[in-house]
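Reviewing the structure listed below.
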Amino acid sequence: MARKTRVLLGKMGLDCHTIGVTVLAQALRDAGMEVIYSGLKQTADMIVRTAIQEDVDVVGISSLSGGHMRYLPEVVEGLRAAGAEDKLVICGGVIPERDAVKLKALGVDEVFTMGAETAHIARYINGKMDERPAA
Amino acid sequence: MDLVRDTLAGGQLAGARLIRLLDDEDERGVAALRELYPHTGRAFVIGITGPPGAGKSSLVDCLIAELRGRDTTVAVLAIDPSSPFSGGAILGDRVRMQRHALDDGVFVRSMATRGQLGGLSRSTFEASMVLDAMGYQVIIVETVGVGQDELEVVELAHSTAVVSIPGMGDDVQAMKAGIMEIGNILVINKADKEGADRLEQQLLTMLHLRDYPQGSWLPPLVKTSALNQEGAAELVDSFYAHRQWQIDNDCLESKVVARELHFFQELVRDMASRRMLRRVGDSDAYRQLVSDLAARRVDPYTAAERLVAQSGL
């Protein structure tokens, strides 16, 4: 059987705007991926632990209330510290362009802003999975 | 990363990766499992099954808390369904268990059924061996939400609890064969809800009407409320009581043998049919057989008989 793409989707801090993340979860499911939904109020430690235990390929953080500059670098650093830097880290939501540039410089692989289509996100993930070495 | 050594040392990266390889049917997973097998067989495997929305995940969350309070390490395999159309899945069981996310003594893994019927995923059995080798003392297997006849968990778990909730049907439902028969423990969850007492009476009646041979285990009825965090201690006690009963009555050994035999037979069946199809599946004779079947020129029994004979068995 081919390797199945597993994606962790979560929201961090007090951000409780869940519609985007649930729409994306269903879209990725329909694209054939296994989506682990962490729920709300995650800390970076919780995301890292979950990403490791579930052995996901992708960690996706939805951020709609301005916490992205605080939380995303913590997730990237936490994964690295735990030896799980092989995971793709993406985020989406209300993220100003200048922050997106900074986040990418800090190790976030891709940032999807308002208006990003779910099909586009699925294609991006599939493209990255295809680039992976056959390990 | 050394899959075998790190898994045996309890490493979460290695154990999680190994479960992944096994789930993806990657042969490196099987290679590691061959080496790990002698180190398995130590964990107490508990099954939690019941209909969708019965509160299984929330109940598992309470069980984790109770077991951790008793200084027992816990791993959870939480199964959710794969889409029959896309093959994708949304695995949401661990949402209910978030308070244990930072506990080093807890490991939660979500698995998708990937087309497997019976309430478990294709590789749940193998994943349980990995967690066993990692050293977790109790492994909780939470099935998908089941209907009446998904009983596979009984083969995997040493002790199984069937979770019911008020309002799911009358006493005829309780009498039916299948899921209600398999519980070593019967749980009424959402016992804070109206109808819990009536359900208790129905289940008690069902149990009384059953003809238990002398000396057999009588499934206890445990009322729980995951909402109010009630009943978890009694449920954990019941699991250990069942285990002790199995030990005292020399049933544990036969259960362990039956468990390994079940997995072994599945493996043999799988391997034999794959090899057979590999050997004859690409032949003209096979294609002829299939078209004869479709045209009703041959019946499926005769066709199967011929196919198996052709492969030399």
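The values are calculated or read from the model by the stated rules, or taken from the named source; none is laboratory data. Just so it is clear, the model here is predicted, and its values are computed rather than measured. Please note: Cβ atoms are built from the backbone with ideal geometry, for glycine as well, and neighbour counts cover all protein chains shown.
Remarks
- Residue check for B:Leu293: modelled with pLDDT of 90 or more, closer than 24 Å to B:Val45 by Cα and among the aliphatic types (A, V, I, L, M): no
- Checked against (1) buried (at least 17 other Cβ atoms within 10 Å of the Cβ); (2) more than 14 Å from chain A (Cβ to nearest Cβ), B:Tyr37 meets all criteria but (1).
- For the stretch A:39-56, the criterion of a residue being of a type outside the set (Asp, Glu), facing another protein chain (nearest Cβ under 9 Å), touching a residue at least 60 places away in the same chain (Cβ under 8 Å) and farther than 23 Å from B:Val130 by Cα is satisfied by no position.
- Any hit, the stretch B:71-90, residues being assigned to a loop (DSSP other than H, G, I, E, B), more than 10 Å from chain A (Cβ to nearest Cβ) and in contact with a strand residue (DSSP E or B) (Cβ under 6 Å, 6 or more places away or on another chain): yes
- In the stretch B:206-244, the residues that are part of a strand (DSSP E or B) and not basic (Lys, Arg): B:Leu221, B:Val222, B:Ser225, B:Glu230
- Tally of residues being in contact (Cβ under 8 Å) with a residue 24 or more places away in the chain and within 7 Å of chain A (Cβ to nearest Cβ) across the stretch B:7-18: 2
- In the stretch A:18-38, of all residues being more than 7 Å from every other protein chain (Cβ to nearest Cβ) and in contact (Cβ under 8 Å) with a residue 60 or more places away in the chain, the one that is farthest from B:Ala89 (Cα to Cα) corresponds to A:Gly20.
- Residue count, the stretch A:104-135 (criterion: in a helix (DSSP H, G or I) and closer than 17 Å to A:Gly20 by Cβ): 7
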